[in-house]
Amino acid sequence: MKNIMHVLIPIAAGTISFGVAVGVAADVQSAASSAPRSAPTSAVSAPVEHQRNTTQQEGDRAVDQDAVAALAEAQKAVRAIGTGKREQALAAIERATGKIAVLTARKPSAALIPVKSEVAIIDLAPKDRAAIEALTGAARDALSKSDYPTARAFLDHLASEIHVKKYNLPLATYPAAMQTAARLLDEKMDEAAKQTLLTALNTLVITDTAIPLPLVEVQASIKEAQMKQDQDKPGARALLGAAKQQLDRAQDLGYAYRAPEYASLSESISELDRRLGGTQNTTSAFASLKDKMTAFFERIAHQETPRQAPAKG
């Protein structure tokens with residue numbers, strides 16, 4: 001599932017600093033490739049590593065170089081103001097404004113433009129259902145007591161996902177910030193112009209995305225079982241059993257917990273297992289199950305749940 005949380009981080013929040021924005025904008029050509037990648041380990045399965053790599057590549061491709069360049073120019077303007085070079089600052093703001101105008105023309109309906117993507121595998125959740133239930137109960141108990149730090153600690157250990165963090169340029173606020181900064185510079189209000197630019201640089205929108213590892217494993221197990229359906233029926237049935245366990249784990253961990261597809265997919269897996277135990281042809285049943293699982297994964301993977309914190313003055 002992709003649970004995408006949009007968090008607008010202003011300067012006052014102190015979560016994303018000017019240094020982060022500078023890091024994003026410092027090197028236009030290498031901004032995407034500089035995103036950290038979680039190192040593969042023996043505990044990471046091949047399907048999960050493949051999905052992680054695919055997700056990273058998608059994130060890198062989504063990074064917009066015009067947006068990155070706009071950040072870089074805003075950064076140059078701040079530095080120019082700091083050294084008293086007002087004309088250089090105005091020129092940099094003009095270039096940034098031009099980049100943003102290009103973005104707006106290219107993507108008139110876009111509100112957020114990615115400038116950096118970070119992908120990591122987080123798999124802290126237990127494999128055992130009883131252990132998951134115990135953690136879930138402990139988290140609920142902590143929440144009922146308003147003990148949020150403890151609840152967060154328990155919830156962190158219920159994560160089994162590919163975590164994607166994207167930094168985005170908000171087109172709703174950047175153009176106005178550039179115009180205001182330019183006006184202030186014309187009025188020789190350099191410090192106010194600098195603060196306006198710093199606020200813009202520090203008000204990137206962060207989106208967090210979670211792709212459940214158990215569902216990645218379900219897809220992989222079904223695909224492998226489909227390949228074994230004729231030559232190795234016991235092996236195919238074992239893989240379907242593994243798929244069923246991972247499906248249950250995804251639901252236990254709260255990834256789209258109430259989705260009706262869980263029951264439908266579980267029933268389809270059980271029915272296919274029964275067919276493999278007999279003499280019935282399973283080709284069409286496998287194709288149907290695979291299509292249903294793919295549709296479920298894609299629906300969950302593109303489901304967005306925005307959360308936006310109000311900007312502070």
> What are the residues in the range 147-158 that are surrounded by 18 or more Cβ atoms within 10 Å (Cβ to Cβ) and among the small types (Gly, Ala, Ser), if any?
Replying inline: Ala151
> Is there a residue being surrounded by fewer than 17 Cβ atoms within 10 Å (Cβ to Cβ) and over 29 Å from the mean Cα position of the chain (by Cα) anywhere in the range 252-270?
Replying inline: yes
> Looking at this structure, is Ala176 surrounded by fewer than 19 Cβ atoms within 10 Å (Cβ to Cβ) and at pLDDT below 95?
Replying inline: yes
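Name every residue in the range 173-186 that is closer than 17 Å to Lys85 by Cβ and not small (Gly, Ala, Ser), in order of residue number.
Applying the first criterion (closer than 17 Å to Lys85 by Cβ) to the range 173-186 yields 181-182, 184-186.
Matches in the range 173-186: Leu184, Leu185, Asp186.
Results for (1) of a type in the set (S, T, N, Q); (2) modelled with pLDDT under 95; (3) over 30 Å from Lys85 (Cα atoms); (4) surrounded by 14 or more Cβ atoms within 10 Å (Cβ to Cβ), shown as yes or no for each residue.
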residue: Lys145; (1), (2), (3), (4): no, no, yes, no
residue: Tyr167; (1), (2), (3), (4): no, yes, no, yes
residue: Leu171; (1), (2), (3), (4): no, yes, no, yes
residue: Met189; (1), (2), (3), (4): no, no, no, yes
residue: Gln195; (1), (2), (3), (4): yes, no, no, yes
residue: Ala200; (1), (2), (3), (4): no, yes, no, yes
residue: Asp208; (1), (2), (3), (4): no, yes, yes, yes
> Can Ser34 be described as at pLDDT below 95, part of a loop (DSSP other than H, G, I, E, B) and within 20 Å of the chain's Cα centre (by Cα)?
Replying inline: yes
>> Need pairs with beta-carbon distance below 7 Å; first residue free of Cβ contacts under 8 Å to residues at least 12 places away in the same chain and within the range 243-267, second assigned to a loop (DSSP other than H, G, I, E, B); sequence gap 6+ or separate chains.
In response: Gln251/Tyr257
>> Take Ile100 and tell me if it is assigned to a helix (DSSP H, G or I), in the same structural domain as Ser45 (by TED's automatic domain parsing), modelled with pLDDT under 95 and touching a helix residue (DSSP H, G or I) at 6+ places or on another chain (Cβ under 8 Å).
In response: yes
>> Let me spell it out: the conditions are (1) touching a strand residue (DSSP E or B) at 6+ places or on another chain (Cβ under 6 Å); (2) closer than 23 Å to Lys107 by Cβ, and Ala177 meets all of them except one. Which number is the exception?
In response: (1)
> Of everything in the range 185-207 that's in contact (Cβ under 8 Å) with a residue 24 or more places away in the chain and hydroxyl-bearing (Ser, Thr, Tyr), which residue is nearest to Ile113 (Cα to Cα)?
Replying inline: Thr207
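Given Ile122, Ile100, which one is under 19 Å from Met178 (Cα atoms), in contact (Cβ under 8 Å) with a residue 24 or more places away in the chain and either buried (at least 18 other Cβ atoms within 10 Å of the Cβ) or not aromatic (Phe, Trp, Tyr) (or both)? Explain how you work it out, then say what you get.
Values: Ile122 fails: under 19 Å from Met178 (Cα atoms).
Checking each option against the conditions leaves just Ile100.
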> Would you pick out the residues in the range 208-247 that are within 28 Å of Glu58 (Cα to Cα) and of a type in the set (Asp, Glu)?
Replying inline: Asp208, Glu217, Glu224
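From the residues in the range 236-260 that are touching a strand residue (DSSP E or B) at 6+ places or on another chain (Cβ under 7 Å) and not in a helix (DSSP H, G or I), which one is farthest from Pro212 (Cα to Cα)?
Going through the range 236-260, the residues touching a strand residue (DSSP E or B) at 6+ places or on another chain (Cβ under 7 Å) turn out to be 250, 253, 255.
Now restrict to residues that are not in a helix (DSSP H, G or I): 253, 255.
Working: Leu253: 9, Tyr255: 7 Å.
Out of the qualifying residues, it is Leu253.
The values are calculated or read from the model by the stated rules, or taken from the named source; none is laboratory data. Quantities reported herein were computed from a predicted structural model and do not represent experimental measurements. Because the Cβ atoms are built from the backbone with ideal geometry, glycine has one as well, and the counts that use them run over all protein chains shown.
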